[in-house]
Amino acid sequence: MWITKEEIALVHKNEKGSIKTTTMDFWFQEMFLDADGEKTISEYLLLLIKQFQDSKMQIPDDLDQFMIEILLSLKNDLNAIEFTHMPNQLKEEFKNPIE
């Protein structure tokens, strides 16, 4: 769900019915919003590199490792994304955070 115009939070309901809200920092949020079920991890890395180049910013030496760590945390710690072997069409309710 959107907290502000620039910030979203994940709302989790566990098996006991408890609700937990997680506000993501910039990179977690960007990668979560970019997860569209259509890109491979390699394609996503190339997209990030292009964004740095287009912004005339220096590409961090560890961008690939940083990106993988964030994606793994989104998957394993927050259960916010999943990895698939084939492109995966997102369900309509997952395409945009709730306003």
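Throughout, read-outs are computed from the coordinates displayed, never taken from laboratory work. Not measured: the values here are computed from a predicted model. Please note: Cβ atoms are built from the backbone with ideal geometry, for glycine as well, and neighbour counts cover all protein chains shown.
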| task | Test each condition in (1) in contact with a strand residue (DSSP E or B) (Cβ under 7 Å, 6 or more places away or on another chain); (2) within 24 Å of residue 84 (Cα to Cα) for residue 7 and report the one that comes out false. | result | (2)
| remark: Among residues of the range 1-42 being more than 14 Å from the chain's Cα centre (by Cα) and acidic (Asp, Glu), the residue surrounded by the most Cβ atoms within 10 Å (Cβ to Cβ) is 6
| task | Quick one: in the range 51-94, of everything that is touching a helix residue (DSSP H, G or I) at 6+ places or on another chain (Cβ under 6 Å) and farther than 18 Å from residue 24 by Cβ, which residue is surrounded by the fewest Cβ atoms within 10 Å (Cβ to Cβ)? | result | 59
